[in-house]
Amino acid sequence: MQVIPPALEELISQFARLPGIGKKTATRLALNILRKPPALAQDLAKALSGLHESIQLCSCCFSFSESDPCTICGDPRRQANTVCVVEQSGDLLAIEKTDIFRGHYHILHGVLSPMDGIGPDEIKIRELLARIRSGTVNEIIIATSSTVPGEATASYLTDIISKESVKLTRLACGIPMGMDIKYADKYTLAKAIEARSPAK
Ligand SMILES: [Zn+2]
């Protein structure tokens, strides 16, 4: 006996294809949409169907954008010669929120993970090298995560970029602001010591 109507079952299974959404959450989302006025479902469908048509990758930094170049690459007030290398578009948004970085970005769209078959050719490393070799970049800031794949990607990038004539820096992984150092985990603390800068 079919307990869940097929249309609802279909929506649940589509939601469940998304990362981090299990069957339970997918069911809750689908039922939630069903309980709301039909306008919500229509608005969602409209937003989803137009997504890929209106958003593309910026051919310079590979961030998702409605224009090419994206608003950051196309902004003459930003420093095109300083490029911050991040794993995903979400990292760009996080850095933008700090409001202190005025350079450009390069989105790798992943991290090196040989176990999952992700090597240098699977992420935008070749494109980064081409960008460096075009001569428009003075400084590369590696801003990958402090995870095992993030660190592996950073050291691979350090290896290959140090052969290029460009200044190479890394985000200092410090103690979170306001946190007593004794509460920091030893990894964070070690990184903070390693990345120490002259005291002012
Ligand atoms: Zn861009």
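Numbers at a glance
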quantity	calculated
Number of positions in the range 135-155 that are within 13 Å of ALA80 (Cα to Cα) and crowded, with 19+ Cβ neighbours inside 10 Å	3
Residues within the range 112-165 that are small (Gly, Ala, Ser) and part of a strand (DSSP E or B), tallied	1
Subset of the range 92-111 [in a loop (DSSP other than H, G, I, E, B) and either buried (at least 21 other Cβ atoms within 10 Å of the Cβ) or on the phi < 0 side of the Ramachandran plot (or both)]	ILE100, PHE101, ARG102, LEU108, VAL111
Unique residue being modelled with pLDDT of 95 or more and out of contact with any helix residue (DSSP H, G or I) (no Cβ under 7 Å at 6 or more places or on another chain) when the list is ALA94, ALA39	ALA39
Subset of the range 61-91 [near the ligand (Cβ under 10 Å from one of its atoms), within 18 Å of HIS109 (Cα to Cα) and either free of Cβ contacts under 8 Å to residues at least 24 places away in the same chain or part of a strand (DSSP E or B) (or both)]	PHE64, SER65, ASP68, PRO69, CYS70
Positions within the range 22-53 being loosely packed, with under 10 Cβ neighbours inside 10 Å and part of a helix (DSSP H, G or I), in sequence order	ARG35, PRO38, ALA39, SER49, HIS52, GLU53
Any hit, the range 70-80, residues being buried (at least 21 other Cβ atoms within 10 Å of the Cβ) and either assigned by TED's automatic domain parsing to the domain that holds GLY150 or modelled with pLDDT under 90 (or both)	no
Which numbered condition PRO114 fails, given (1) within 16 Å of the ligand (Cβ to nearest atom); (2) at pLDDT below 95; (3) not acidic (Asp, Glu)	(1)
Residues that are of a type in the set (Val, Ile, Thr) and within 14 Å of the ligand (Cβ to nearest atom), drawn from the range 92-104	ILE95
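The values are calculated or read from the model by the stated rules, or taken from the named source; none is laboratory data. Note that the structure is a prediction, hence the values are computed from the model and not measured. Cβ coordinates were reconstructed from backbone atoms using ideal geometry, including for glycine residues, and neighbour counts include every protein chain displayed.
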